[in-house]
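**Student:** Here you go, one structure.
The values are calculated or read from the model by the stated rules, or taken from the named source; none is laboratory data. All figures in this text were calculated on a predicted structure; none of them were measured in a lab. A quick note on method: Cβ atoms are made from the backbone with ideal geometry, for glycine too, and the neighbour counts reach across all protein chains shown.
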Amino acid sequence: MARRKKKNYSQLLFLGFIVLLAVTFLTGMADKYFATSETPQATISNDEQAKQNFIKQLAPIAQAEQRQYGVLASITLAQAALESDWGKSELSAKYNNLFGIKNPNGSLMTTQEYVDGQWTTIRDTFAVYGSWEDSVKAHTQLFVNGTDWNTDHYGPVLQAKNYEQAAWALQNQGYATDPNYAEKLIALIKQYNLNQYDL
């Protein structure tokens, strides 16, 4: 009987040791998990949260414009993000111009344009708006009314069946001088799932 008790005692010690190891391991894994899961959120939250707020602020306006005029909300949102650097550019922050729309009676500013195969700094006059909502509406009207030289200039954008067609139509119609303009818009739409706002 004495020997059996000694054997049982040894087994209990061994089991206790295994349990202690398991608890130590699981505690370490939990600490590691929570440390790594919190760190990325802290590093990306400010920038990403600002972008999400930008989208949420403009999405209802873009959808209202699509409902009335047919301009895809995803295109409006992607252009606003790209042209204004998510609302951080001076043109958008100071003058509420989200889309780089020019106006001879606007404010004189410096910008970059792609000319003769290279980026060049130019000075031009840009439209000034009372709010971002006014800027979105002016952007829609540009597509609806066209340019001074062609009232149907942006017709292909309005006739596009999806955001990819619309993005390429914008580039083909010369909305921007950037040769990668369409690809950048499409990439933004995919990255932030902006087509979810299309009606």
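**Student:** Can you give me the number of residues within the stretch 117-154 that are within 22 Å of residue 53 (Cα to Cα) and not hydroxyl-bearing (Ser, Thr, Tyr)?
**Tutor:** Here the count works out to 8.
**Student:** If you don't mind, there's one more thing I want to ask. Please work out if residue 194 is of a type in the set (A, V, I, L, M), in contact (Cβ under 8 Å) with a residue 12 or more places away in the chain and in contact with a Gly (Cβ under 7 Å, 6 or more places away or on another chain).
**Tutor:** Considered against the rule, which asks whether it is of a type in the set (A, V, I, L, M), in contact (Cβ under 8 Å) with a residue 12 or more places away in the chain and in contact with a Gly (Cβ under 7 Å, 6 or more places away or on another chain), residue 194 comes out as no.
**Student:** With (1) within 25 Å of residue 73 (Cβ to Cβ); (2) modelled with pLDDT under 85 as the list, and residue 185 as the residue in question, which single condition is left unmet?
**Tutor:** Going through the list (1) within 25 Å of residue 73 (Cβ to Cβ); (2) modelled with pLDDT under 85, residue 185 breaks only (2).
**Student:** Okay, next question. Only residues that are β-branched (Val, Ile, Thr) and not in a loop (DSSP other than H, G, I, E, B): list them for the stretch 159-195, please.
**Tutor:** 186, 189
**Student:** Something else about it: Within the stretch 120-145, can you find the residues that are at pLDDT 95 or above and over 26 Å from the mean Cα position of the chain (by Cα)?
**Tutor:** 145, the sole residue that qualifies.
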